Structure formats: structure tokens, C-alpha cells
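A short worksheet on the structure shown next.
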Amino acid sequence: MEQPRGRAKPPRHLADLSAEERTAAAEALGEPAYRVKQVATHYYSRLVRDPAEMTDLPAASRDRIVADLLPSLLDPVRTLEADGGTTRKTLWRLFDGALVESVLMRYPDRATICVSSQAGCGMACPFCATGQGGLERNMSTAEIVDQVVDAAGTMARGDIPGGPGRLSNVVFMGMGEPMANYKAVIGSVRRMVSKAPDGLGMSARNITVSTVGLVPRMRQLTDEGIPVTLALSLHAPDDELRNELVPINTRWSVHEAVEAAWDYARTTKRRVSIEYAMMKDINDQAWRADLLADVLRQHGGGVDGWGWVHVNLIPLNPTPGSTWTASRPEDEREFVRRLLAKGIPTTVRDTRGSDIDGACGQLAAAP
Ligand code: SAH
């Protein structure tokens with residue numbers, strides 16, 4: 001019989017636990033507190049989860065301890081590779097049958113895992129594949145962390161062409177709206193940045209949280225004191241079009257979202273990224289490039305020589321059933337030229353993994 005989804009909680013995992021909860025978990029196991037630290041070292045530092053490799057744990061209770069602290073959360077259903085094996089998309093089945101995807105991308109100078117934070121998404125952006133199916137459920141902290149630990153292990157073992165390497169970057173640009181699952185997402189970020197053996201010891205600036213612009217949550221993130229990189233998915237500089245492309249805009253307008261992004265940049269001194277998927281004849285007109293620059297230039301002028309923002313143009317990855325396509329090259333060039341002319345740093349995102357439906361907005365998790 002099919003398991004009803006979204007009822008039970010994912011199994012409790014080491015990555016879900018606070019320091020106090022770790023102590024309680026050790027007590028419940030009838031083990032000394034340092035056992036949890038030993039398991040944490042295996043998980044976060046050695047990137048292993050096979051009890052057979054944890055020879056410092058007592059042989060008799062090893063399996064029981066690991067089953068309790070590191071229950072299996074992500075079951076790989078399928079892996080697809082592109083770009084000579086340096087892009088790898090994995091479809092995962094969660095404990096309740098929900099499906100999510102993550103994408104690992106290795107570049108000469110870095111390796112990035114694009115993680116999911118929700119099964120499905122409730123934001124309903126019409127150009128995004130994930131947005132079409134609605135929200136299934138939030139993921140737990142450990143379900144998010146485990147995608148990162150898996151990728152770190154894949155890199156460390158040299159399973160991606162290029163030899164053993166280190167996972168350097170995390171982007172919350174897979175399935176879901178991270179700011180709509182705030183508590184679990186922040187919990188997972190804390191595990192990523194905490195020093196071993198409490199976490200992966202990654203740099204917060206190498207973690208990018210991307211949002212449609214849930215303004216109260218952006219402000220909460222500003223106060224959090226973890227200097228992650230913030231990306232705002234703007235896609236239009238005017239409310240009329242953005243209401244259509246990013247429906248939550250009817251709740252928090254372009255102005256409110258950009259102002260919250262500016263406050264984030266000002267407070268954290270981290271440059272914010274504005275995501276803009278280039279859609280042919282929809283949002284790629286020259287006048288919209290000018291308007292976008294003007295909207296962004298309303299902020300930051302007082303900070304001498306400090307560019308608070310940069311624009312990341314994403315060639316639209318067409319999704320099944322959508323009539324929208326990527327911009328013409330000449331329109332894209334003109335859009336870039338106008339932003340640069342108004343002093344806005346602008347880059348065009350590469351579209352790794354588009355042939356395996358692993359590029360931005362294509363994650364739909366069909367089994
Ligand atoms: N919910 C978050 C994370 C989503 S995915 C957010 O919206 O920011 C990360 C980025 O991919 C977002 O900027 C999103 O708008 C963009 N995206 C979604 N569908 C896309 C598509 N079909 N082509 C290009 N970019 C897309």
C-alpha cells in the first residue's frame with residue numbers, strides 16, 4: 001500500500017540535533033557522550049556512514065549506534081551525468097516516498113552542490129518546472145544536510161572526474177523555496193558552517209540562499225548573523241510583469257523585495273545577487289534592462305564605490321509545456337550592455353546540465 005505522504009516526520013538524525021539533544025541521544029543509547037562526537041567525526045569529517053568503517057566504536061553496539069544516529073534519509077533512485085561526468089544529477093527518494101533532486105557541478109576551481117529544501121514548491125512561478133507541481137512537504141534539516149554530505153563524500157572519494165577534491169560551495173537553488181522552510185534551512189546552514197566535528201566547516205560566503213523574495217524571512221536572515229550569500233529571484237523590474245512571473249510579488253512588491261535585499265547587503269557587507277531568467281520577448285526588452293538598473297541604483301549610492309548588488313542573468317531553460325524560450329543572443333547582449341553601462345556588475349550564468357534536465361528550474365523529480 002502506498003504510504004500517505006507528508007504525515008509522519010523524517011527519522012531523527014544526528015544533523016537535526018542541537019548540542020543538548022546530542023547529549024540526550026547518547027544517554028538514550030546508554031552510551032557515553034563522546035560516542036556522538038565519534039559518530040559526528042565520521043559523518044562530517046571523514047564523510048563515512050558505514051558502521052564497518054567506524055572501528056573506534058565498540059563492535060557490539062556499532063550497528064545500533066549508527067542506525068540510531070545516522071538513519072538513511074536519501075535513497076538514490078537514479079543518477080544522470082553530463083559535461084563529461086563533471087555534472088551529476090541525483091534523484092532521491094525520501095523516507096515517505098517524496099522525490100527530490102540535487103545537482104553536483106565540478107569546475108576547475110570549485111565544486112558546487114545545488115540542493116533541494118522542499119519536495120515540490122508552493123511558489124507557482126509559471127516558468128519553473130518545480131513550481132508546476134505544488135508543494136508536497138518541507139524537508140528536514142538532516143535531509144538537506146545529507147545532500148551536502150553525500151556530495152562532499154563524492155568529491156573526497158574522487159568519484160567525479162578530476163581526482164579527489166573538496167566540495168566548496170552550496171546553492172539552495174534546487175527544488176523548493178528555502179525561505180518558506182526557514183527553520184530547517186537555517187539549521188542546515190549552521191551544520192554546514194560549524195567547525196568539525198559539529199559540522200562541515202564550510203565558509204558561509206560560499207553558501208547561497210536563493211529566494212523569491214519572502215520579505216519577512218529575508219529580514220530574519222539579515223538578523224541571523226550568518227553571512228551567507230543572498231540571491232533574490234527578481235526576473236522583472238516592474239510589478240505588472242513580476243506579478244505574473246513570480247506570483248508572490250502580489251504580496252511583496254519589487255520595491256519591498258529589493259529594499260530587503262539592500263538591507264541584507266548593507267548589514268552583512270555581502271554583495272547580493274539578483275537572479276533574472278532571460279525569457280524571449282517577455283522580460284528581455286532593452287527598456288526593462290534600463291528600468292532594472294534604475295531600480296537597483298535607488299540603493300547603495302551612498303556607499304562610496306561599493307557595488308552592493310550584481311545581476312546574474314540565467315538563459316531560460318525551457319520546461320515541458322511552456323511556450324517561453326530563452327532570449328535571442330542579440331537581445332541578451334544588449335540587456336547586458338545596458339546594465340553595465342549603468343554601472344551594474346552583470347554576468348550570464350552557464351547552463352550546466354541542461355541536457356539532463358538538471359539546469360536551473362528544470363528539477364521536477366519524475367521517477
Ligand atoms: N525558490 C528559490 C530557488 C529556486 S531555483 C528561488 O526562486 O530563488 C533557483 C533559480 O532558478 C531561481 O532564480 C529561479 O527563478 C530560477 N529558475 C526557475 N526556473 C527556471 C528556468 N526554467 N530557467 C532558468 N531559471 C529558472
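The values are calculated or read from the model by the stated rules, or taken from the named source; none is laboratory data. Everything quoted here is computed from the prediction, not taken from an experiment. Glycine gets a Cβ as well: all are built from the backbone with ideal geometry, and neighbour counts include every protein chain shown. The area values use the complete protein model at the heavy-atom level, side chains included, leaving out ligands, DNA and RNA. Shrake-Rupley method; radii C 1.70, N 1.55, O 1.52, S 1.80 Å.
Values computed for the structure shown
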{"item": "Rounded to 5, the percent of DSSP beta bridges in the chain classed as antiparallel", "result": "50 percent"}
{"item": "GLU259 accessible area, assembled protein chains, probe 1.4 Å, Å²", "result": "70 Å²"}
{"item": "Two-site label geometry, ALA196 and ASP75: point separation in nm, points 7 Å out along Cα→Cβ", "result": "3.1 nm"}
{"item": "CD proxy at 222 nm, helix term only [per DSSP H run n ≥ 4: -39500 (n - 2.57); per residue of the chain; nearest 500]", "result": "-9000 deg cm²/dmol"}
{"item": "30 Å Cα-Cα threshold exceeded, pairs from LYS183/LYS342; LYS195/LYS269; LYS280/LYS342; LYS9/LYS269; LYS89/LYS269", "result": "LYS183/LYS342; LYS9/LYS269; LYS89/LYS269"}
{"item": "Placed amide H near VAL77: partners under 5 Å, 5+ positions off or other chain", "result": "LEU91, TRP92, ARG93"}
{"item": "Carbon plus sulfur fraction of accessible area for the chain, probe 1.4 Å, in percent", "result": "50 percent"}
{"item": "ILE356 accessible area, 1.4 Å probe, all protein chains in place, Å² to nearest 10", "result": "20 Å²"}
{"item": "Computed over the chain: relative contact order in percent, which uses C-alpha pairs under 8 Å that are six or more apart", "result": "15 percent"}
{"item": "Residue-normalised accessible area of the chain, expressed per residue, 1.4 Å probe, Å²", "result": "43 Å²"}
{"item": "Nitroxide proxy distance, nm - points 7 Å out along Cα→Cβ at THR41 and GLN220", "result": "3.6 nm"}
{"item": "Which of HIS255, HIS42 is most accessible, then next, and so on - probe 1.4 Å", "result": "HIS255, HIS42"}
{"item": "Using θ = phi - 60° and Karplus 6.51 cos²θ - 1.76 cosθ + 1.60, couplings along the stretch 121-126 (whole Hz; Gly, Pro as x)", "result": "7, x, 7, 6, 5, x"}
{"item": "Shape category assigned to the chain from the gyration tensor of Cα positions, a/c cut at 1.5", "result": "prolate"}
{"item": "Total formal charge among the other residues, if their Cβ is under 15 angstrom from that of ARG217, Lys/Arg +1 and Asp/Glu -1", "result": "-3"}
{"item": "Accessible-area value, ASP109, 1.4 Å probe, nucleic acids and ligands omitted, Å²", "result": "120 Å²"}
{"item": "Computed E for ASP238/SER203 - FRET, C-beta separation, R0 56 angstrom, nearest 0.05", "result": "0.95"}
